[in-house]
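The values are calculated or read from the model by the stated rules, or taken from the named source; none is laboratory data. Note that this is a predicted model, so its numbers are computed, not measured. Counting neighbours? That spans all protein chains shown, and the Cβs are built from the backbone with ideal geometry, glycine included. When the accessible area is computed, the model is the full protein with side chains, heavy atoms only, and any ligands, DNA or RNA have been set aside. Shrake-Rupley method; radii C 1.70, N 1.55, O 1.52, S 1.80 Å.
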Amino acid sequence: MPVVLGIETSCDETGVGIVADGVLLGDALATSMDEHARFGGVVPEIAARAHLHAVTPMVRHALDRAGIGLGDIDAVAATAGPGLATAVQVGLAAGKAYALSLGVPLYGVHHLAGHAAVDTLEHGPLPRRCVALIVSGGHTSLLLLGDLARDPVIHLGDTVDDAAGEAFDKVARLLGLPYPGGPAIDRIARDGNPDAINFPRPMTSRHDPPYQFSFSGLKTAVARWIEKNADQPVPVPDVAASFQEAIADTLTHKALAACRDHRADTLLLVGGVAANSRVRHLAEQRAATAGVRLRVPSPRLCTDNGAMIAAVGDLLVRANVAPDRLDLSADPSAALHGALLRGPRRGRPV
Ligand code: KG4
Ligand code: ZN
């Protein structure tokens, strides 16, 4: 079975994974998160420099963990977008260099397809069709997926403004919690009451588009509540828990409505926000009630990592999809059409 090396550098994580036939053989992850914390968000130039330093050592670590050498690699997959332009460039250039020097094919893959594909490493092949909710720092999308390697991805709805993870990060800032905000809110919300404040559930009225999201108003509602109650110390755990509840309620409500309306018996919940304990729990409850099978990767595979990119590469290689040319360029704002950055493509076997 072909062995695929995957490289992910779209944000502040330098991830490398090695996958063969749906099995994760080894992976390694470095993060420059601490270097960004004092700026309250990722600084692209700092992230890019950190990727440059970390990518080769991470490839070596992943190979060691897999117990193989570079000569055993049969194909390379690298994130070609979307992401921070300079950060994506580093991983894609590294991927090209490995592919060229090893004489193996290169796949420039879409980062969000990686979030979906990673679930195959833990729960086996995806069903013939399913609804996927991708919730990350930059994206919130409800999708209809077929064969991820071959079929076009169908967008049921996306966010019209902030992504769910972005809302977590911004609300954490309002509450004086550290970056990244999602895990910080998840932790502190455990001590809070999710019913303490009734924050709005955006775009959930009967007249709203059923599968679109909007989280900017929710973030503003939290800011207004804090302003209005400025005469008391902010009850951070209660605000965090109530905000988190509004997000979890909105996401799971829409995702299960999409499953019902599109007669999908499987919901795939992926991306950094899928690591959230309340989102996972509510999704489990509601999926069970609706008779929908829920697939969620373990938290460490929900946030950015290299295994997810190797997982897409593995699907593409096994589907005999034609690889990319080495002059492929990165696209920091690439829309999701398929596993490859340039969309679904059938071609000659590799
Ligand atoms: O998928 P990801 O690692 O990177 C992107 O592709 O954007 O997602 C990162 C986002 C961040 O906004 C982070 O705050 C959020 O995922 N996140 C969480 C949790 N862990 C990460 N949000 C809520 N709860 C968490 N436990
Ligand atoms: Zn991501």
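Observations on the model:
- Near pairs, Cβ below 7 angstrom, 6+ apart or cross-chain, from region 303-319 (of a type in the set (Ser, Thr, Tyr)) to any residue that is assigned to a helix (DSSP H, G or I) and buried (at least 24 other Cβ atoms within 10 Å of the Cβ): Thr303/Gly272
- When region 301-316 is filtered for residues that are open to solvent by 10 Å² or more (accessible area, probe 1.4 Å) and more than 13 Å from ligand 2 (Cβ to nearest atom), only Leu315 remains.
- Look at (1) more than 16 Å from ligand 1 (Cβ to nearest atom); (2) over 20 Å from Ser10 (Cβ atoms) and you find that Ala255 fails only one, number (1).
- Helices (runs of 4 or more DSSP H) fully within region 136-240 counting 1 or more residues that are hydrophobic (A, V, I, L, M, F, W, C), more than 30 Å from Met308 (Cα to Cα) and open to solvent by 50 Å² or more (accessible area, probe 1.4 Å): 164-174, 216-228
- Any hit, region 15-28, residues being open to solvent by less than 50 Å² (accessible area, probe 1.4 Å), within 14 Å of ligand 1 (Cβ to nearest atom) and in contact (Cβ under 8 Å) with a residue 12 or more places away in the chain: yes
- When Ala311 is tested against (1) more than 20 Å from Pro105 (Cβ to Cβ); (2) in contact with a Ser or Thr (Cβ under 7 Å, 6 or more places away or on another chain), only condition (1) is not met.
- Residue satisfying condition, being in contact with a His (Cβ under 8 Å, 6 or more places away or on another chain), of a type outside the set (S, T, N, Q) and within 18 Å of Leu156 (Cβ to Cβ), within set Val270, Val312: Val270
- Pick from region 258-291, criterion under 20 Å from Pro209 (Cβ atoms) and surrounded by fewer than 19 Cβ atoms within 10 Å (Cβ to Cβ), ranking: farthest from ligand 1 (Cβ to nearest atom): Arg263
- Selected residue (criterion: nearest to ligand 2 (Cβ to nearest atom)) from residues of region 165-188 that are among the hydrophobic types (A, V, I, L, M, F, W, C) and touching a Lys or Arg at 6+ places or on another chain (Cβ under 7 Å): Ala167
- From the options Ala339, Ala290, Ala248, residue that is among the small types (Gly, Ala, Ser) and in contact (Cβ under 8 Å) with a residue 60 or more places away in the chain: Ala339
- The one condition in (1) away from ligand 2 (no atom under 16 Å from the Cβ); (2) under 30 Å from Phe215 (Cα atoms) that Gly83 fails to fulfil: (1)
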